[in-house]
Structures are given as structure tokens and as C-alpha cells.
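The values are calculated or read from the model by the stated rules, or taken from the named source; none is laboratory data. Just so it is clear, the model here is predicted, and its values are computed rather than measured. No Cβ is skipped: glycine too gets one built from the backbone with ideal geometry, and neighbour counts run over all protein chains shown. To get the accessible areas, we keep the full protein, side chains included, count just its heavy atoms, and leave off ligands, DNA and RNA. Shrake-Rupley method; radii C 1.70, N 1.55, O 1.52, S 1.80 Å.
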Amino acid sequence: MDTVNILICGVGGQGVLLAGDIIAEAAIAAGFDAKKSEVHGMAQRGGSVVSHVRYGQKVNSPLIRQGTADVILSFEEMETARYLDFLKSGGTAVINRQQVMPMTVATGAAEYPQDIVEQIKKQGVKVVVCEGVKLAEQAGSAKTINIVLLGALSKHLNLPAEKWIETIAGRVPPKTVEMNKKAFELGSKG
Amino acid sequence: MKKLLSGNEAVARGAWEAGVNVVSAYPGTPSTEILENLAKYQEIYAELATNEKVGLEVAAGASFAGARALTCMKHVGLNVAADPLFSMAYIGASGGFVVVSADDPGMHSSQNEQDNRYYAKMAKIPCLEPSDSQECLELTRLAFDLSEKFDTPVLLRLTTRISHSKGVVELGERKEHKPAGYVKNIAKNITIPAHARKMHAKVEERLKMLAEYGESFFYNRIEEGDRKLGIITSGISYQYAKDIFPGVSYLKLSLTFPIPQKLIAGFINSVDEIYVIEENDTFLEEQIKAMGYQVKGQSAFEKEITGKSKVPILGELDPTAVAKGFGLQKEQAYQNIQVPGRPPVLCPGCPHRGVFFALNKLKLTVAGDIGCYTLGMMEPLNAIDTVICMGGSVTAAMGLEKALGVEMAQRTVAVIGDSTFFHSGITGLIDMVYNNSQGTLIILDNRITAMTGHQENPGTGKTLQGQEAPIVDLEPLVRSCGVKHIQIIDPLNLKQTEAAVKEAINNPGVSVIIAKSPCILIEKKFQPALRVDEDKCIGCKLCLKLGCPAISFDKAKKKSHIDPLYCIGCQVCAQLCPKGAMGRGEVVK
């Protein structure tokens, strides 16, 4: 099996780093080698956040080479646009329907590209839009949005459902396990 | 047992397994999690040092006692700690002594991308470079043995992608190390010239022995493959090379100083073409080329050594950069689309905001320092003029005054965080007082070391492990340095802040303002969000000058808008609004 490459992007505070951990741990639970990489430090301060996750028989680089990502999992619409060069030909972008305004837009110095998802589709990218905010609220809390998105991502990967559930249960606060399980299910159906 | 660990977590685990007794370190990205993870082990004495020099010296003292000791820091931290490092290189190690340097190629969170392998070369101590989390654990464990075997500090050099990438690690058990105890030996432990001359001779001998050791060192390994191409590499670059050049021959070096010349010569002679793939500078390439293409006992090799002529020297390496360097990257299937940038910003409710707003308003020249508050330079606050290094704000402001006189001092302030002040700002302040300066220092006392992820410091009253600790109180400390004009303010109070700054810059002599307000992320005791009363808002955009992520401008309505998800109710914008349009939910319709 070729190494599977997933690039996750979003905004600091959205839960990108935990999502990456869960994918890597689920892959290991399923018997694969896995690596992930991200840069800490600015994650809490509203900057762009990106995490690389790779799994397969044996993984060398923790970073994905441009043009080889199987899936981009994007927590925020506009963030997707910064990483399209990572996607392989025929790869999929799973995009959360959410716009978070950067400071430049908030102050009126720049415009948020409202049609960004359409622009991405125009390049021929396979786009799956996930109603993350809505589904997370349906699951019981807006905070489960990263788990909803993992549910949506899971349809594009070859990891068994029980490994996902097991890993998620081990990584979220005990009181929220049921809610997060529901979030994962809603995401994978949505 | 196997576990997914970051490089930093694996270094901590490796040190624990090696029986480390004492750890002292100052936080710094990308090294911080090493100390944080070591703090979890009951068997280890681990502490937050006031700076990297202190950390290295405490570890050195523990090594004098025969204890196994470790200090860790970011690359620029080793500049601060360089003085004791070079002395310890002569003194050696009674108990295993490991210095971890986490370099930051690409400058994700740093002011430069220096390659600290050169410190090993300059101090003449061994340099180990792990390539993944598993090697982080194994080489850390082994570094203590090496240190004791060769009586030397060992530099374990990581980079951001080693520190912050996670991989599967096979865990071992702890082997307890009982400190042998302190034995007086002045010829070994006092670096007076008469002793040091002998020590230097030993250091040179030690280097020769280490070089010989490297020839058969398990972690310097040849991976035989296609002999048309041989790649010499180390650290994270090994992983990138393996992805871009599968199936060729590799010489993977883990002991990168001193280098194993015979092993390298043999490898070069066994392949047709040689690439040296390394991140940052030409550390390996230079040493290999300096071998003069000939090593005793080996045939001469007359081959071109291809290194930085293809591999970028600027920025961080990754598989794409390596592929591009050698012309192997195909044009990508999809193109990035230009969208507005998303730089990091000061958090909503951040107490630094009030200070920078005042400094911007008063159009002062601001000597800045290292921490979250460096973000005060960003638009729209735009309130920092210079940043040199940890503690450099105080002295830069002083230099401006000495060059241009009192008039400059009246237009200049220095800003520094509480932790950075303890780290190395206080020496500058003493210098200001001693040398009859006029100047203003604002200590942004947010009661935490925030940028690196909220570590305690001497001012917070808590140890690394969260236990109670004596508080080093800033106000009496500053007073005892000889500062007479001290104001303590709440930076979330804009009027008070502005008035304090005006008073300070016009005061003859040294003035210190302690802007005391805890980082909002410590306790997260948020107030209800404010709302904009759109009937009152006149669209003047004054509130937007705060650069608060919760405030945006609705172009269609020509009104400001507060995002209730982000606003924490700090009320700074409400103080600014000329029409009183910002209020609590219940009082605004």
C-alpha cells in the first residue's frame, strides 16, 4: 500500500492539532506506521494552522510532498486555498462550511473571497463540503466540530470505523465521549 | 510498549530512561515540551530556570555531583548559555551531561536560523542528530553514556520538525542512576589558565577518540542500495531524502561532530555520485570537502560533492524543497489561490493591547522584546520599532538615549514581558540606573511566560510542577535596582495607561511602569461579550485601531461589529468609543 497523506488546515483554536493526533493514532491502532507534523507556538493566536498526517507500511518524512496529498481536510473555507498545491491529481478536499475572518478582513484592509469554494472547484478539485457547524451543534456542542470533520474524512480513508471510535473515545474528555461518537457518525453520514 | 510521541516527548522519555536526576531549562519554541514532559516524572528534579545560562549551569553543578543532568533550549538560547558551555567543554562531565539544542530552520518562532551544530565544533564536543522520535529516545539515552565515557558534555541537536513531529516509539524502562557524590578535584573543575591549558590538551585527545568511536558507531550507518548515487545526510533531512531518492545508497550520520572520516571516504569511494543533503548550513559538506579528498589508508576520491549548490540554504527543508533542488518536482495538479493572509494576533482581551494602543497613539519609538507582545508590531497597533533578542529592549532604548540625548528618551520606551525581564532584562535596567540614563521601561507583567505555552516564572508564585514557590516581586526588585520612579498600572485601563506613559517619559532619570494584568488565557474567567449598539455607532472605526480579533467592520451597514464568540468582555473598546456604543448585551437593545 502506498503511504496515505492527509493535510489538515484551519485556524488556531479550531482543533486542527487534536484531529491530526486522532488520525495518526487510529492508523497505528489499525496496524500502520504513522507520522504527523505541525508547528506549535502560534496555534493559540488565531494564525493559520496546518498539520501533516501520513500513514502506511513505513513512513519516512513527516511532511507531505507537494502534489501527493490524498485528502485536504480544511476546517475553514479560505484556508484550503493556501494548500491546493499539496493535493495530488484526483485528490479530494473536504471543506468545512465556515468562514473565520482574518484581521486584515475585519479591519476592512482586505476582502474575504466569498466564492472561494467555487474557485477551488473550477480547478477540477473534487470538493466535499461538510456542514460542520450545523452537525456539531446537532451532536450537542459546537466544540465537536473537529470530530464531525474526522467523520467526514473517514469516508475517504481505509481505516476501520471501530479504530476511529476507539481512538476518539481515548482522546476526548470522558464526559463527552457519547457526544463525540455522535459527532463522528453525523460527520460520516453528512 | 509502543506509543505515538513527538521528538520532544521522546527526548524526555529517553532522559528518564537514562536515569536523569536533574533538569533545568528555560522554555523556548521548539524545545519547550522537553522540560514540560520531564516535569511529569516524580523521580527527576526538574525546574524552570530564569534563563538558559542559568539552566546550563545548574545542570553543570549537578554533573559535578555525579548526577545525570540535562538542559534544553531553543537555538538562540544556546547563545545565552554559550559561556558555561565552553567552560564545561573543558571541565567535562562527572555525571552524564546532555545539552539539547532545538534549532528552528524556517524561523517558525525565532529571530534567525542559526545552525547550532557549529557550537559542537567550536566547543569541541560531540553532536548527535536524531532523525525521528524513536532516535530521539535512543540517542538521548545514549548521550548520557557517551558523556560519561568520554568525559564531555554532549550536544543533542534537534530541529523544529524533529521536535514537533510525532512518530511511533518503542518505550523502555528507567535505569536508575545514583549520583556518585561530589569529589573535590580542582585540577578538573576550576578553569584557571594553568588548569585550562592542560584541559585543552585533553579536549583535543578526546576529539580524536570520539572521531575513532564514530567510525563504528551503530547510529552512523550505511544503507546499501543502488551504487550510482550515494547520499550523506543526517537529522530530518534523511527522511526527506529517503522519500525523494528511494533505493539509492545512504550514509546516515547521527554523530555529526566529529565526523567519521574513514567511513565517509569508504562510502564515497563505493558510489558513483555523492549528494550531501542537510538542512540549514553546510556543516557536513564543509567537513567532508575539508577532508581534502584523501584519507590515509583509503584511496583518493575524485568526485564532485553536491550539496548546497542544489539543496536550499534558506528556510526549512521539506521533501518538496529537496525534490525541487534536484529538478525532480513535477508541476503540481492544482494551484494555490491568493487569499488574504492570516498572521497571528494578540488574543481578544489581551492586556498588552492597551499598552500598545497608548504607545501608538503617543507616536513613541518602542524598543521591543521577545514574547507574545512582539505582536504589538502588527497593524493596526504598529507599536514596536526594534527587536533584537531576549532582554534587548531595555538596552536598545538606552543606546538610543545615549546616542541622541534626553529628547530621544522623551520619545522612547522599552517594553518587556515579566519572564523576559527576569531572563535578561534586569541586567540592562541596572545598567540604565548605574550609567545615569533617562528612560522608560514598561514591564508587561501578565504573570506567566505566555508565548511558549504558559510556563510559570519567578514572578508567578508557582514552580514548574505548579507547586507553591516564593514570588520574586517586581516592584521591590526594580526599586532595589535603584529606580525611583515606579508606577503600577492596569493596562486594560486606557486612560491610566496613557497618563502613566506620559508621566514616565517626562520624568528625569529611569522610570519603570509595571503593567500588571494576567494573561487572559491563564484562568479564562471571561466576562459576557459586548455588543455594538448600531443606533449609536457612527462608523468612525476608532475601535478597529485596537486590532482586536473580535471586532470587525460591517461595510454594508457602515457599523462596527463584535463577534460574541470571540469577545471576552474586557471593555477596552468601550473605553475608546466616543459614542458609548459598546455595551453589555442586556443594556444595549
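Quick one: work out the % antiparallel among DSSP beta bridges in the protein assembly as shown, nearest 5. Numbers along the way, then the final one.
Values: 36 of 104 bridges.
DSSP beta bridges in the protein assembly as shown are roughly 35 percent antiparallel.
Let a ≥ b ≥ c be the square roots of the eigenvalues of the Cα gyration tensor of the range B:530-584; is it rounded (a/c under 1.5), or, if not, prolate (a/b larger than b/c) or oblate?
rounded
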Seminar exercise, completed: Taking a crude spin-label model, label points 7 Å out from Cα along the C-beta direction, the A:S141 to B:I192 distance in nm is 6.6
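Can you give the % of DSSP beta bridges in chain B that are antiparallel, to the nearest 5?
On the way: 19 of 73 bridges.
Approximately 25 percent, going by the DSSP bridge assignments.
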Exercise. Are there trypsin sites (Lys or Arg not before Pro) in the range A:96-125 that DSSP puts in a loop and that have at most 15 other Cβ atoms within 10 Å, and which ones?
Worked result: A:R97
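For the range B:530-584, which whole percent of the accessible surface, found with a 1.4 angstrom probe, sits on carbon and sulfur atoms?
Carbon and sulfur: 53 percent of the exposed surface of the range B:530-584.
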Exercise. So, in the range B:241-399, how many Lys pairs have Cα atoms under 26 Å apart, if the pair is 8 or more places apart or on different chains?
Worked result: 29
For this session: Provide the packing ranking of B:40-51, B:257-268, i.e. peptides ordered by the mean count of other C-beta atoms within 10 Å per residue, highest first.
Result: B:257-268, B:40-51
Exercise. Taking every residue in A:87-94, how many Cβ atoms of other protein chains lie within 10 Å of its Cβ, on average?
Worked result: 2
For this session: Taking a probe of 1.4 Å and counting only protein heavy atoms, give the total accessible area buried between chains A and B in Å², rounded to the nearest 100.
Result: 4800
Exercise. Roughly how big is the protein assembly as shown's charge dipole about its Cα centre, with Cβ charges of +1 (Lys, Arg) and -1 (Asp, Glu), in debye to the nearest 20?
Worked result: 880
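Roughly to the nearest percent, how much of the accessible area of the range B:221-325 is carbon and sulfur, given a 1.4 Å probe?
Answer for the range B:221-325 is 47 percent, counting heavy atoms of protein chains only.
Computing the accessible area with a 1.4 Å probe over protein heavy atoms, can you report the carbon and sulfur percentage for the range B:352-523?
Working: 3790 of 6900 Å².
Summing carbon and sulfur atoms, their accessible area is 55 percent of the total for the range B:352-523.
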Exercise. Taking each residue of A:109-122 in turn, how many C-beta atoms of other protein chains fall within 10 Å of its C-beta, and what is the average?
Worked result: 2
Problem set entry | Cα pair distances in chain A, grouped into 10 Å bins until the bin that holds the longest one, percent each | 10, 38, 39, 12, 1
For this session: Could you do me a favour and compute the accessible area per residue for the protein assembly as shown, 1.4 Å probe, result in Å²?
Result: 40
For this session: Give the shape of the range A:77-151 as rounded, prolate or oblate, defined through the alpha-carbon gyration tensor: a ≥ b ≥ c are the square roots of its eigenvalues, a/c under 1.5 means rounded, and otherwise the shape is prolate if a/b is larger than b/c and oblate if not.
Result: oblate
Problem set entry | Separation of the B:E215 and B:K524 label points, Cα + 7 Å toward Cβ, nm | 5.9
Exercise. Using a Gaussian network for chain A with springs between C-alpha atoms less than 10 Å apart, which of these wobbles most: A:I23, A:I95, A:I120?
Worked result: A:I120
For this session: Starting from the Cα of B:D563, move 7 Å in the Cα-to-Cβ direction to define the label point; list residues of the range B:334-349 whose amide nitrogen is under 15 Å from there.
Result: B:340-349
Exercise. Given labels modelled 7 Å from the Cα in the Cβ direction, how far is it in nm from B:A499 to A:A161?
Worked result: 6.6
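Going by average Cβ neighbours within 10 Å, how do the peptides B:245-253, B:65-73, B:29-37 rank, with the highest at the top?
In descending order of packing, they fall as B:65-73, B:29-37, B:245-253.
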Exercise. How much of the DSSP beta bridge set in chain A is antiparallel, as a percent to the nearest 5?
Worked result: 50
For this session: Send over the semi-axes of the protein assembly as shown's equivalent ellipsoid, whole angstrom and largest first, taken as the square roots of 5 times the C-alpha gyration tensor eigenvalues.
Result: 43, 37, 24
Problem set entry | Charge dipole of the protein assembly as shown about the Cα centre (unit charges at C-beta), most positive-ward option of B:C548, A:V117, B:V472 | B:C548
For this session: Sort A:33-39, B:166-172 for me by packing, meaning the mean count of neighbouring Cβ atoms within 10 Å per residue, highest on top.
Result: A:33-39, B:166-172
Problem set entry | Gain in span if fully extended, B:K40 to B:D554, counting 0.36 nm per residue against the direct Cα distance | 180.2 nm
Seminar exercise, completed: Here FRET efficiency (C-beta to C-beta, B:N382 to B:S270, R₀ 41 Å, nearest 0.05) is 0.10
Problem set entry | Global size of the range B:2-215 as Cα Rg and Dmax, reported in angstrom | 15.9, 51
Exercise. Quick one: in chain B, what % of C-alpha pairs are over 34 Å apart?
Worked result: 50
For this session: Divide by every residue of chain B the summed helix terms, -39500 (n - 2.57) for each DSSP H run of at least 4, and state the resulting mean residue ellipticity at 222 nm, rounded to the nearest 500 deg cm²/dmol.
Result: -10000 deg cm²/dmol
Exercise. Which whole number gives the average, over all residues in A:64-70, of C-beta atoms from other chains lying within 10 Å of the residue C-beta?
Worked result: 6
Exercise. Out of every Cα pair in the range B:352-523, what percent are spaced more than 30 Å from each other?
Worked result: 9
For this session: Check each residue of the range B:219-248 and keep those whose accessible area, probe 1.4 Å, is at least 40 Å² smaller with all protein chains in place than in the chain alone; give them in order of residue number.
Result: B:Q239, B:D243
Problem set entry | Dipole magnitude (debye, nearest 20) for the range B:530-584, charges at Cβ of Lys, Arg, Asp, Glu | 160
